[in-house]
Amino acid sequence: MEHQILRHIITEQHRVIKNAVIFPRDYEFDPKANYVLVGLRRAGKSTLLYKIARDLVKNGVDWSQIIYVNFEDERLNGFSLADFDDILGVAGELTDKEPYIFLDEVQNIDGWEKFARRLADQKYRVYITGSNAKMLEWNIVERLGARYFIKTIYPYNFNEFLTAKGIDHTTNELYDTLLSGRIVRGAADYLSHGGLPETLIYSDHRDYLESIYQKILLGDIIARNDIRNQEAFRLLINKIAETIMHDVSYRNLAKSIRSVLNKKVSTETVINYISFAKSAFLLFDVKDYVSKFTDKNTTPKYYFIDNGILNLFLLNKASVLLENLVAIALYEKYQDHLFYLKSSKTKIDIDFYLPEKKTAIQVAFSVSDHAYEREVGNLVRLTKNDDSIERFIIVTSEEEKTIEEDGVKVEVMPLYKLLLDDLVAFDITDKK
């Protein structure tokens, strides 16, 4: 790799970092640690690196010490493992002080983890990003050892979303009619368009989200995993969008795809395809707390990591978007400690269960008529089978009240209040 090209790339990146518009995020980084940031494409990983770089400069580091290489730069086509050492060579040409190494979207280069480990062993401060979980395969994590903290970066949560839109949302604003109205409108926007940071820039949200989805689909999943039956994969993602709010088995998904394509699609293929989608951070799953181990892993509920992308597949499905957004907020904070509850024996069907928080949550666009019986009835039946639960919540689009039923106190709260509730909202230390 010619040093002159690397020097141009690093120097030009300084200008990009200086000019970037950066909104506060609910993440904090230990200044003495090395990090690998992973997550969905365009979720804001690079911008977080910009923030780290600017903070270093603010605290006395010279710009010449910021060695930032974006591996999606076309001038790096052909860059290989053997070229990594040139980055240190250029760093030595630019500064005689300690360099800070930023490797953005480094998963494009095979063997990157070997260089990353050497940097850490040589006591460099290093920050790395990547857009797929192949970066986190067991052998790569093993090679990195304890030298790096792995941090998953998500699209904006609601707090970050409101901050980026300039909407005040402290406790006082929630009790001011005018200001709370802005928060409610913000929640409606967030529900429909999701939290990818650049959706706040573009007026045509759908076109932008469609372009991002296609890049994830074609670049991060199909091309990277050499998927030959693209039609089956695209249909699978569509079918999963149709199952939001419901548990579904691999076998039924495979059967559904076969019925449409009239081609053989095995259950094993579906398992692999879903694994690829999860590795690209497009999907996540929530498992049943009470089912057997085999059923937990073969019959989960699937959700999209961003509502804006999910909305590409829907037509007038506000209730689906509502549950998906609640799932995102809970999953981001609780990960594998989030479950659903379903039992045909006890006739219990609970949308979300947090055993550590002793909390059961139902999601309904409105609590009225038949919805009342389903949502409240399920919570009441749950108390007869589990007396350890202390908090019962029904998340709605707009309704807010308290329901007392058969000795059970149920909080009915609108979406925006759930998203700002301590149960979901992040303390900055949560994301260290």
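Some values worked out for this structure:
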| quantity | calculated |
| --- | --- |
| Residue in the stretch 97-114 that is in a helix (DSSP H, G or I) and of a type in the set (G, A, S) present | no |
| Checking D220 against (1) charged (D, E, K, R); (2) closer than 30 Å to Y353 by Cα; (3) surrounded by 20 or more Cβ atoms within 10 Å (Cβ to Cβ), the condition it does not meet | (2) |
| Qualifying residues in the stretch 144-164 (those that are assigned to a helix (DSSP H, G or I) and in contact with a helix residue (DSSP H, G or I) (Cβ under 9 Å, 6 or more places away or on another chain)) - the one modelled with the lowest pLDDT | L144 |
| Per-region count, the stretch 397-412, residues buried (at least 17 other Cβ atoms within 10 Å of the Cβ), more than 17 Å from R381 (Cα to Cα) and touching a strand residue (DSSP E or B) at 6+ places or on another chain (Cβ under 6 Å) | 1 |
| The stretch 179-230, subset under 16 Å from the mean Cα position of the chain (by Cα) and of a type in the set (D, E), residue modelled with the lowest pLDDT | D220 |
| Single residue of the stretch 293-343 satisfying the filter (hydroxyl-bearing (S, T, Y) and open to solvent by less than 10 Å² (accessible area, probe 1.4 Å)) that is nearest to the chain's Cα centre (by Cα) | Y303 |
| Condition check for K255: open to solvent by 10 Å² or more (accessible area, probe 1.4 Å), farther than 27 Å from S46 by Cβ, in a loop (DSSP other than H, G, I, E, B) and of a type in the set (K, R) | no |
| Residue in the stretch 380-393 that is most open to solvent (accessible area, probe 1.4 Å), counting only those that are out of contact with any Lys or Arg (no Cβ under 7 Å at 6 or more places or on another chain), charged (D, E, K, R) and not in a helix (DSSP H, G or I) | D387 |
| Some residue of the stretch 119-138 being among the acidic types (D, E), at pLDDT 95 or above and open to solvent by less than 50 Å² (accessible area, probe 1.4 Å) | no |
| Residues (among the hydrophobic types (A, V, I, L, M, F, W, C) and either touching a Ser or Thr at 6+ places or on another chain (Cβ under 7 Å) or surrounded by fewer than 18 Cβ atoms within 10 Å (Cβ to Cβ) (or both)) located in the stretch 349-379 | A364, F365, V367, A371 |
| Selection within the stretch 381-432 - without any contact (Cβ under 8 Å) to a residue 40 or more places away in the chain, closer than 14 Å to Y353 by Cα and β-branched (V, I, T) | T383, I389, I393, I394 |
| Subset tally (residues that are of a type in the set (A, V, I, L, M, F, W, C), in a helix (DSSP H, G or I) and either over 19 Å from Q335 (Cβ atoms) or in contact with a Gly (Cβ under 6 Å, 6 or more places away or on another chain) (or both)) for the stretch 394-432 | 2 |
| The stretch 56-93, residues that are part of a helix (DSSP H, G or I), of a type outside the set (G, A, S) and open to solvent by less than 50 Å² (accessible area, probe 1.4 Å) | L56, V57, Q65, L76, D83, F84, D86, I87, L88, V90 |
| Pairs with Cβ under 8 Å, 6+ apart, first in the stretch 348-375 and within 17 Å of E332 (Cα to Cα), second in a helix (DSSP H, G or I) and open to solvent by 30 Å² or more (accessible area, probe 1.4 Å) | L354/H337; P355/H337; E356/H337 |
| Hits in the stretch 191-217 (condition: outside any helix (DSSP H, G or I) and either open to solvent by 10 Å² or more (accessible area, probe 1.4 Å) or of a type in the set (A, V, I, L, M, F, W, C) (or both)) | L196, I201, Y202, S203, D204 |
| Search result, residues across the stretch 324-364 that are aromatic (F, W, Y) and either in a helix (DSSP H, G or I) or at pLDDT below 95 (or both) | Y331, Y334 |
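This table checks each residue for (1) closer than 30 Å to K358 by Cβ; (2) charged (D, E, K, R); (3) open to solvent by less than 70 Å² (accessible area, probe 1.4 Å).
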{"site": "V248", "(1), (2), (3)": "yes, no, yes"}
{"site": "N262", "(1), (2), (3)": "no, no, no"}
{"site": "E268", "(1), (2), (3)": "no, yes, no"}
{"site": "D285", "(1), (2), (3)": "yes, yes, yes"}
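The values are calculated or read from the model by the stated rules, or taken from the named source; none is laboratory data. All of these numbers come straight from a predicted model, not from anything done at the bench. Positions of Cβ are backbone-derived with ideal geometry, glycine not excepted, and every protein chain shown enters the neighbour counts. Keep in mind that these areas ignore ligands, DNA and RNA; they rest on the heavy atoms of the full protein, side chains included. Shrake-Rupley method; radii C 1.70, N 1.55, O 1.52, S 1.80 Å.
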